[in-house]
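Please treat every number below as a calculation from the coordinates, not as lab data. Only a predicted model underlies this, so the values are computations on that prediction, with no experimental measurement involved. In this analysis, Cβ positions are derived from the backbone assuming ideal geometry, glycine residues included, and neighbour counts consider all displayed protein chains.
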Amino acid sequence: MAAERSDRIVVVGAGIGGLVSALLLASQGAQVTVVEAAEAPGGKMRRLPLGEGIDGGPTVFTMRWVFEQILEQAGFTLADLPRLAPLGVLARHAWRGHAPRLDLHADHRRSTEAIAEFAGPEEARRFQAFCAQAREVYRRLEGPYIRSGRPSMWSMGRDLGPRGLATLMGLGPFSSLWRSLGRHFHDPRLQQLFGRYATYCGASPWQAPATLMLVAQVELDGVWSVEGGMHAVAQRFADLARRRGATLRYASRCERVLVSGGRASGVRLENGEEIAADAVVFNGDPQALVQGLLGEASTRAVPPLPREQRSLSAVTWAIHGCTAGFPLVRHNVFFDDDYASEFDDVFRARQLPERGTVYVCAQDRGDSGVHEGAERLLCWSTRRPRATSAISMPGRWAHANDGARPC
Ligand SMILES: Cc1cc2nc3c(=O)[nH]c(=O)nc-3n(C[C@H](O)[C@H](O)[C@H](O)COP(=O)(O)OP(=O)(O)OC[C@H]3O[C@@H](n4cnc5c(N)ncnc54)[C@H](O)[C@@H]3O)c2cc1C
């Protein structure tokens, strides 16, 4: 949104979305107040008090150019963020009961070699063809969709042009990511690996469109680790917004969005305080508005979304402990054999699966994978947590409920 110098704007929520809005609006001269229910910024980009503090939400930093652009608009540069270090190994993948594991590398040639060793030279050639298609899909969608503020079917159709439309048609109209991957790969493990990109936006590979293969290109363009953890990014955005004049108020839950004459006119906090505004940016869950949790008047601010259409989330475990038996790198994915049942449980039966893929971020490790002693791990999965569980993956594991366990 464009702001006038005199605009008073309240941003509800200091997640990364709210912080970026606050920074950009304050840079345009608006008087910005951010109200956040939690005691610190970050929202999902939070830090949990375990070990030296562990990232409890996002762990994979990609699309650095997005941050570059935002910072530039606000008169800052990437140097104003905590230091970013590119990862050589994007992720390590392992399968239950199968000895070989597969690393994907930032270096495309090394990934191709790794796939040739893991699944044979034919699959490696298919991987190259897959990457070429993912690159092309990304290139076609970058302007009309990824960089577009508010893409619509009409604007996309116009901006894609005949070549862009031909690229999308080439994926197979209405083809799912799963079906498209089945055309690329013969080895089901690779179909599983690249199908996981659907979960990045809370979807099932059986339902997500094939265009999501562009995530492969996003990761090949670079994955970074952040000095001080992802939470440090949120913290820095809060500092930068403050430097541009925004006021940030934590432990300040918005209880109601005030509306007058059909327009948002401010917010009321839990303690009864009212803050008048010319506009309110709501960075909480839009469905909270629809359900009337912030007042009857804002229920029509966004369209309702039936419960069954909401996206997939995850169960997370934050662990500080010792590991053994599997050579972890920073990002690790452990696949179960029965991929279909995992998504069937979540999207059809609407229950947490008994078994499923587990992601482990070993936050003290880089590419070398070397670490001594207790370490910080964030694990997430769709599967049902068990009361006493060690997370069962190849090798022996840190116990989920131990907290700090002597090594
Ligand atoms: C487990 C997990 C892993 C993820 N991994 C990655 C990853 O590796 N890479 C990646 O790019 N993305 C990842 N994501 C997605 C990413 O974390 C989110 O897209 C992003 O953090 C969302 O930011 P947001 O500002 O939109 O919302 P949120 O972070 O949800 O922020 C909303 C904020 O609003 C506040 N709020 C809500 N209601 C009120 C109210 N009434 N009054 C005051 N405050 C309120 C909340 O307290 C919260 O701080 C992951 C998400 C999860 C859950």
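Here the spin labels are modelled as points 7 Å beyond Cα on the Cα-Cβ line, and at A132 and E39 they lie 5.6 nm apart.
Other residues whose C-beta falls under 12 angstrom from the C-beta of D367 contribute a net charge of +2, scoring Lys and Arg +1 and Asp and Glu -1. Summing +1 for each Lys or Arg and -1 for each Asp or Glu among the other residues whose beta-carbon sits under 12 angstrom from that of R101 gives +1. Cα centroids of region 199-270 and region 7-67: 6 Å apart. To the nearest ten degrees, helix 230-243 and the longest principal axis of the Cα atoms of the chain are 20 degrees apart. Local charge for G56 was computed over the other residues whose Cβ lies under 11 Å away, with Lys and Arg +1 and Asp and Glu -1, and equals +3. Which of rounded, prolate or oblate describes region 311-381 when judged by the alpha-carbon gyration tensor and an a/c cut-off of 1.5? Judged from the Cα gyration tensor, region 311-381 comes out prolate (a/c at least 1.5, a/b above b/c). Qualifying trypsin sites (Lys or Arg not before Pro) in region 288-363, where qualification requires a DSSP coil assignment and no more than 15 other C-beta atoms within 10 Å, comprise R300, R310, R350. Set Lys and Arg Cβ to +1 and Asp and Glu Cβ to -1, take the dipole of the chain about its Cα centre, and tell me which of Q31, G261, A129 lies farthest positive. Toward the positive end, the furthest listed residue is G261. Can you classify region 1-77 as rounded, prolate or oblate using the Cα gyration tensor, where a ≥ b ≥ c are the square roots of its eigenvalues, rounded means a/c under 1.5, and otherwise it's prolate if a/b beats b/c and oblate if not? Oblate, because a/c is 1.5 or more while a/b does not exceed b/c.
Entry note, the chain: the mean residue ellipticity at 222 nm calculated from DSSP H runs of n ≥ 4, each adding -39500 (n - 2.57), is -9000 deg cm²/dmol after division by the residues and rounding to the nearest 500. Applying 1/(1 + (r/R0)^6) with R0 = 60 Å to the Cβ-Cβ distance of E113 and A276 gives a FRET efficiency near 0.45. Within the chain, DSSP assigns beta bridges of which about 70% are antiparallel (rounded to the nearest 5).
With a ≥ b ≥ c taken as the square roots of the eigenvalues of the C-alpha gyration tensor of the chain, please select rounded if a/c is under 1.5 and otherwise prolate if a/b is larger than b/c or oblate if it is not?
prolate
Taking the Cα centre of region 107-221 as origin, work out the dipole magnitude from +1 charges on Lys and Arg Cβ and -1 charges on Asp and Glu Cβ, in debye rounded to 20.
400
Note on the chain: with charges restricted to the Cβ of Lys and Arg (+1) and Asp and Glu (-1), its dipole about the Cα centre is near 540 debye.
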